[in-house]
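Q: Submitted below is the structure of interest, expressed as structure tokens.
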Amino acid sequence: MFRKLAQAAGAVFAVALSAALLSSGTAAADPGRPVLGGGSGLIVSSEAGHMSDMAVQCTLTTIGHDGAGRLVGLTAGHCGTPGHEVYSEQDPGAGALGRFVYSNSDLDYAVLEFDAGRVTPVNRVGNLSITGVGNPAQFPNIVCKEGRTTGNTCGIAYGDVFASTMETWSQMCVMEGDSGAPVVVGSTLVGMVNAYLAIACFGPEVGTNMSTIMGDINNRGSVGAGFRPV
């Protein structure tokens, strides 16, 4: 049985955002733009500042620019649908920084468009750096991920177990909230975290290959086409 890894966080989000908004009037200086990169925690809510919304916590796969120069990012498709707004988990009081513009349930990935004037995009979060996008991991590659729940974990890649041409299995610790986490070989982005089998952190992880995602995005020719990470 596969478990998708989005994590409900309605109460936490409401409290954090409310506190941040209440305290915002006491700081005259601009605290700076929230930093986002592959591995950053995201809060997804359907309406800005709506305290009753059931928010979802997920992880940003990567951030960069598409062929049209837009600042875009990726995460797991089950984390949200077009129109859902995106907040930084580290700085929810900064408000909505972007929104979902496309979500593919079959490949389980989503495209986010960010307000470039309100975000500082980076290529390193925690212990993971992204310098490019590459082909799927193969057995016995060692893959690593950076997730907002379990941080940086690594394990052996099993490859495309069922010859689906779209996903790779690996033995990495993942839990709820890690959905969308970048999966790398070295510093090359090869996939994202989507689900685990049976038991969190012990069961095999499965995720969509970046080559498959990028092929689909480019074929659509819309927001995200021609994406390159920062």
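Q: Answer yes if at least one residue in region 214-223 is open to solvent by less than 30 Å² (accessible area, probe 1.4 Å) and in contact with a Ser or Thr (Cβ under 7 Å, 6 or more places away or on another chain), and no otherwise.
A: The answer is no, given that none of the residues of region 214-223 is open to solvent by less than 30 Å² (accessible area, probe 1.4 Å) and in contact with a Ser or Thr (Cβ under 7 Å, 6 or more places away or on another chain).
Q: Would you confirm, using the coordinates I've provided, whether P34 is open to solvent by less than 20 Å² (accessible area, probe 1.4 Å), at pLDDT below 95 and not aromatic (F, W, Y)?
A: no
Q: Evaluate region 140-147: report whether one residue or more is of a type outside the set (S, T, N, Q), more than 19 Å from I63 (Cβ to Cβ) and under 14 Å from the mean Cα position of the chain (by Cα).
A: Checked against the condition, which is being of a type outside the set (S, T, N, Q), more than 19 Å from I63 (Cβ to Cβ) and under 14 Å from the mean Cα position of the chain (by Cα), region 140-147 yields no hits at all.
Q: Cβ contacts < 7 Å: first residue hydroxyl-bearing (S, T, Y), restricted to region 102-114; second residue open to solvent by less than 10 Å² (accessible area, probe 1.4 Å) and assigned to a strand (DSSP E or B), any location; separation 6+ or different chain. Result?
A: If the second residue must be open to solvent by less than 10 Å² (accessible area, probe 1.4 Å) and assigned to a strand (DSSP E or B), the pairs left are Y102/A110; Y102/V111; S103/A110; Y109/L74; Y109/A76; Y109/M192; Y109/T208.
Q: I need the full set of residues from region 78-136 which are open to solvent by 50 Å² or more (accessible area, probe 1.4 Å) and either among the hydrophobic types (A, V, I, L, M, F, W, C) or under 16 Å from V193 (Cα atoms) (or both), in order please.
A: Residues satisfying the conditions are H78, S105, D106, A116, V133, N135.
Q: Does region 58-68 contain any residue that is under 22 Å from D216 (Cβ atoms), aliphatic (A, V, I, L, M) and open to solvent by 30 Å² or more (accessible area, probe 1.4 Å)?
A: Checked region 58-68: at least one residue is under 22 Å from D216 (Cβ atoms), aliphatic (A, V, I, L, M) and open to solvent by 30 Å² or more (accessible area, probe 1.4 Å).
Q: Whether any residue in region 159-175 is open to solvent by less than 30 Å² (accessible area, probe 1.4 Å), within 17 Å of the chain's Cα centre (by Cα), at positive phi and modelled with pLDDT of 95 or more is what I want to check.
A: no
Q: I'd like to know if region 159-175 contains one or more residues that are touching a Cys at 6+ places or on another chain (Cβ under 8 Å) and among the hydroxyl-bearing types (S, T, Y).
A: No, the conditions are met nowhere in region 159-175.
Q: If you don't mind, another one. When residues of region 176-213 are filtered for being of a type in the set (A, V, I, L, M) and open to solvent by 30 Å² or more (accessible area, probe 1.4 Å), how many remain?
A: Here the count works out to 4.
Q: Something else about it: Is region 137-149 home to any residue that is β-branched (V, I, T), surrounded by fewer than 19 Cβ atoms within 10 Å (Cβ to Cβ) and outside any strand (DSSP E or B)?
A: No, the conditions are met nowhere in region 137-149.
The values are calculated or read from the model by the stated rules, or taken from the named source; none is laboratory data. If you're wondering where the values come from, they're calculated on a predicted model, not measured in any experiment. Don't worry about glycine lacking a Cβ; one is built from the backbone with ideal geometry, like all the others, and counts go over all protein chains shown. Surface areas here come from the heavy atoms of the whole protein model, side chains and all, with no ligands, DNA or RNA. Shrake-Rupley method; radii C 1.70, N 1.55, O 1.52, S 1.80 Å.
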